[in-house]
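The structure appears right after this line, and notes come after that.
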Amino acid sequence: MRTGYRLTRWLGAAVCAFALLATGAHAQSGPPIRIGSTLALTGPLAATGLVHKVVGEIYVEQLNKRGGLLGRPVEWIVKDDQSKPDLARTLYEQLLTVDKVDLLMGPYATGAILSAMGVAQRYDKVLVHHTFGIPSLAKYDKQFPAWSLGADPGNTVPNTVLTALAASPKAPKTIAVVTSKFPSVHFMSLGAREVAKKRGLTEVLFLEWDFGNLDYAPIAARIKDAKPDFLWVGAIGLEGNQLLEAMSKIDYAPVEHFYMYPAPGPMSKSPLAKNALSMTVFEEHPPYSNAPGAKAFIDLYHERAAKAGIPDTNVEVQAAASYTAWQILEAAVRATNSLDDAKMAAWLKANRVDTIQGKLRFDGPSNYGDDLMRVKQVQNGRWVTVYPKEYAAPGATLLVQ
Amino acid sequence: MTFPSGTLLAQSALSGVFIGSMYGLLGMGLGLTWGLLHVINLAHFGLAFLAAYVCYQLASVGGMDPLATLALIVPVFFALGVAVQWLLSRFSVSPLNSLLATFGLTAIIEAAIQYFWTADFRKLESVYSGQKLRVGGLFVPIPELLTLVLALLLGFGIWAAMRYTDLGRALRALAEDAPMAAAFGVNRRAHALLLAGLCGALAGIAGVCLALSFTLTPAQIYAWVGVVFAAVMLGGLGSPLGPLAAGVVIGVSEAVTMAFASPSWAPIVSFSLLIALLLLRPGRT
């Protein structure tokens with residue numbers, strides 16, 4: 001009886017101690033750490049802006065469940081920049097001077113990030129950003145890119161694509177480069193021309209159109225007329241689908257075709273996009289999904305994105321880059337055990353950060369590290385990574401028509 | 001610059017005719033309210049896109065045939081057109097202020113579209129989507145052909161009504177000299193509301209054509225403004241056939257430019273043509 005009583009007391013004490021330890025690990029005290037950012041929640045970029053909002057909310061929620069930062073809860077203040085870079089600039093000023101946030105997180109889209117970068121530079125703040133498209137314009141030394149494009153994507157990205165195609169069963173000999181003049185895709189397409197030339201491909205067509213073009217039919221007719229083995233489309237968002245539809249209307253399907261920044265959901269779901277290629281830093285399959293935290297993030301994102309009314313609930317480049325940005329900021333605060341921007345920037349430049357994209361470094365030109373862009377392809381209505389082999393989805397290889 | 005093949009040139013010109021008919025269809029309602037009511041109704045673009053989204057919703061979720069949605073869309077957008085005109089006349093908005101007021105209304109419509117359908121892309125997949133005819137070496141897509149046929153029917157129908165009916169004569173008289181027309185018993189207010197309703201219905205029909213041929217996003221509203229304005233200016237205010245003819249001229253000139261040279265030159269060529277025609281046409285003031 002006495003032994004049973006003692007055992008009960010010991011067990012009780014052990015449970016209490018465990019409970020205390022557990023509570024201690026998640027205990028948060030003091031005022032919250034305030035992280036400020038803007039996102040394109042309305043206006044033309046709102047569809048993607050919403051992806052970043054959902055990811056940010058998930059990350060901050062998970063972070064607070066893990067005990068916050070420096071023992072303090074984390075509060076995210078996000079303002080709507082209405083897809084306007086000039087407004088983003090004003091709001092970042094406001095975040096620092098009126099809201100007095102402790103840390104900054106970048107907005108969505110290259111124009112808004114450039115605006116935020118200017119403000120961060122004026123106040124000497126660290127700015128981690130999600131999907132900045134033109135690395136050569138990132139001059140500020142305390143900005144850190146979460147999208148692992150590399151410092152010279154105009155050269156490295158086309159090289160990766162053409163290397164993948166050269167290794168395919170039907171290596172192309174001729175190329176057509178057609179491109180939007182949208183800044184972050186135009187320089188990539190010009191890079192593709194140079195790379196293709198160096199690799200001995202014959203350019204049979206080069207066309208440029210202004211962003212916002214309404215009629216893709218004549219462009220489609222010219223592509224059909226040129227009969228390229230490989231079609232490089234410097235398209236952003238809707239443009240890729242519009243060109244595919246125009247080609248279909250004149251009964252033409254490109255042999256091998258690549259789209260720089262397509263709207264991922266609409267393109268993968270389009271029956272016209274069979275075997276279309278693009279680039280990625282993350283897809284919902286191994287080895288990406290084996291990264292620590294990736295599986296839980298994917299599951300939670302599916303649920304929250306559906307609830308937010310996002311039509312395509314798959315985690316791909318935008319959502320992954322967004323999650324990575326938060327991972328970078330958290331790593332810097334934890335490693336330096338402070339909110340000091342100078343210390344965090346110095347640490348980030350000297351260390352690598354484990355993210356769901358892989359290990360990122362920031363010691364190259366403009367704080368860019370390796371180009372981790374891989375080739376993905378639409379197969380059976382979904383995007384799968386096909387090159388390089390070690391990042392390919394299980395059993396997936398590059399398919400040609 | 002390389003000389004394109006005959007097939008490429010003909011296919012491009014054909015696509016120019018189709019996109020031009022879309023410019024003309026959108027411009028028809030805009031030009032009529034501008035010319036006859038002295039209202040520069042930018043909300044016409046917003047209403048057209050709203051109709052496109054309504055068509056998308058009824059067809060893709062409700063399972064209706066996109067063309068059958070016209071039976072609902074035309075009366076509803078007629079009523080919306082009347083409502084906009086009633087508001088503008090209620091507050092005696094001047095032509096210049098109508099531009100500003102209807103621009104604001106367009107922004108509100110855009111926000112409402114974004115609220116209900118989000119800013120993401122919406123594509124109407126219908127029985128017409130992939131259909132095309134083959135004529136010799138040329139391909140004729142059915143949705144674009146429907147737009148052209150509707151634009152021609154409406155253009156000629158309204159032209160005939162304006163020319164041969166009492167209602168049309170009354171509307172032209174109002175535009176020419178409103179006090180004199182009123183002295184002859186023309187009810188200015190009722191006729192203005194009727195015409196605005198007709199233009200609202202035209203926006204609804206243009207919206208259905210947009211949904212049939214184009215992927216929709218709310219921000220696309222503004223992509224059409226410049227070129228449709230050009231078609232209206234070139235075709236003449238208050239004319240139903242003018243914007244259609246001008247739209248086809250602009251569309252073909254853009255498409256042929258794209259066939260010969262870089263597509264990025266297309267707007268330069270079409271707007272240069274606009275400036276030249278505006279400067280050189282007889283009777284300009």
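Could you identify the single residue in B:S272, B:S213, B:S264 that is among the polar types (S, T, N, Q), more than 14 Å from chain A (Cβ to nearest Cβ) and either without any contact (Cβ under 8 Å) to a residue 40 or more places away in the chain or crowded, with 18+ Cβ neighbours inside 10 Å (or both)? Don't jump to the end; show me each part of the working.
Working: B:S213 fails: more than 14 Å from chain A (Cβ to nearest Cβ); B:S264 fails: more than 14 Å from chain A (Cβ to nearest Cβ).
Unique residue meeting the criteria: B:S272.
Taken as a whole, region A:268-291 holds at least one residue that is more than 11 Å from chain B (Cβ to nearest Cβ), at negative phi and among the aromatic types (F, W, Y). Selection of region B:223-261 for residues being facing chain A (nearest Cβ under 9 Å), among the small types (G, A, S) and buried (at least 23 other Cβ atoms within 10 Å of the Cβ) yields B:G251, B:A255, B:A259.
The helices (runs of 4 or more DSSP H) found entirely in region A:259-369 that carry 1 or more residues being not assigned by TED's automatic domain parsing to the domain that holds A:G49 are A:264-269. Restricted to region A:184-210, and to residues that are within 14 Å of chain B (Cβ to nearest Cβ) and under 19 Å from A:T110 (Cα atoms), which residue is farthest from the chain's Cα centre (by Cα)? The selected residue is A:D210. Selection of first residues in region B:193-209 that are part of a helix (DSSP H, G or I) and of second residues that are polar (S, T, N, Q), restricted to Cβ pairs under 6 Å at least 6 apart or on distinct chains, gives the following pairs, ordered by first then second residue: B:L193/B:Q85; B:A196/B:Q85; B:C199/B:T33; B:C209/B:T147.
Confirm whether B:A206 is surrounded by 23 or more Cβ atoms within 10 Å (Cβ to Cβ) and under 15 Å from the mean Cα position of the chain (by Cα).
Details: surrounded by 23 or more Cβ atoms within 10 Å (Cβ to Cβ): yes; under 15 Å from the mean Cα position of the chain (by Cα): yes.
Spelling it out, B:A206 is indeed surrounded by 23 or more Cβ atoms within 10 Å (Cβ to Cβ) and under 15 Å from the mean Cα position of the chain (by Cα).
Going through (1) away from chain A (no Cβ under 14 Å); (2) closer than 20 Å to B:S239 by Cα; (3) in a helix (DSSP H, G or I) one by one, B:L50 falls short only on (2). Residue by residue through region A:296-329, note down the ones that are farther than 17 Å from A:A46 by Cβ, among the aliphatic types (A, V, I, L, M) and within 14 Å of another protein chain (Cβ to nearest Cβ). The answer is A:A306, and nothing else.
This table checks each residue for (1) within 10 Å of chain B (Cβ to nearest Cβ); (2) more than 16 Å from B:A255 (Cβ to Cβ); (3) aromatic (F, W, Y); (4) without any contact (Cβ under 8 Å) to a residue 12 or more places away in the chain.
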{"site": "A:N213", "(1), (2), (3), (4)": "yes, no, no, no"}
{"site": "A:Y216", "(1), (2), (3), (4)": "yes, no, yes, no"}
{"site": "A:I219", "(1), (2), (3), (4)": "yes, no, no, no"}
{"site": "A:K224", "(1), (2), (3), (4)": "yes, no, no, no"}
{"site": "A:G237", "(1), (2), (3), (4)": "yes, yes, no, no"}
{"site": "A:N241", "(1), (2), (3), (4)": "yes, yes, no, no"}
{"site": "A:S248", "(1), (2), (3), (4)": "yes, yes, no, no"}
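Does A:G191 fit the bill of being assigned to a helix (DSSP H, G or I) and either over 18 Å from B:M258 (Cβ atoms) or aromatic (F, W, Y) (or both)? Taking the combined requirement at face value, the residue satisfies it.
Mind listing whichever residues of region B:94-144 are in a loop (DSSP other than H, G, I, E, B) and within 12 Å of chain A (Cβ to nearest Cβ)? The answer is B:T118, B:A119, B:D120, B:F121, B:K123, B:L124, B:E125, B:Y128, B:S129, B:G130, B:Q131, B:G137.
If you go through region A:24-73 one residue at a time, how many are in a loop (DSSP other than H, G, I, E, B) and touching a residue at least 40 places away in the same chain (Cβ under 8 Å)?
Of the residues in that region, 17 qualify.
Take the residues in region A:347-384 that are free of Cβ contacts under 8 Å to residues at least 40 places away in the same chain and of a type in the set (A, V, I, L, M, F, W, C), then tell me which one is nearest to A:V333 (Cα to Cα). Outline the logic, then answer.
Of region A:347-384, the ones free of Cβ contacts under 8 Å to residues at least 40 places away in the same chain are A:347, A:349-353, A:359, A:361, A:363, A:380.
Those left that are additionally of a type in the set (A, V, I, L, M, F, W, C): A:347, A:350, A:353.
Details: A:W347: 9, A:A350: 14, A:V353: 12 Å.
The selected residue is A:W347.
Quick check on region B:17-35. Is at least one of its residues away from chain A (no Cβ under 14 Å), farther than 20 Å from B:L153 by Cβ and not hydroxyl-bearing (S, T, Y)? Yes, region B:17-35 has at least one match.
The values are calculated or read from the model by the stated rules, or taken from the named source; none is laboratory data. Source: prediction; values computed, not measured. Reconstructed Cβ throughout: ideal geometry from the backbone, glycine too, with neighbour counts over all protein chains shown.
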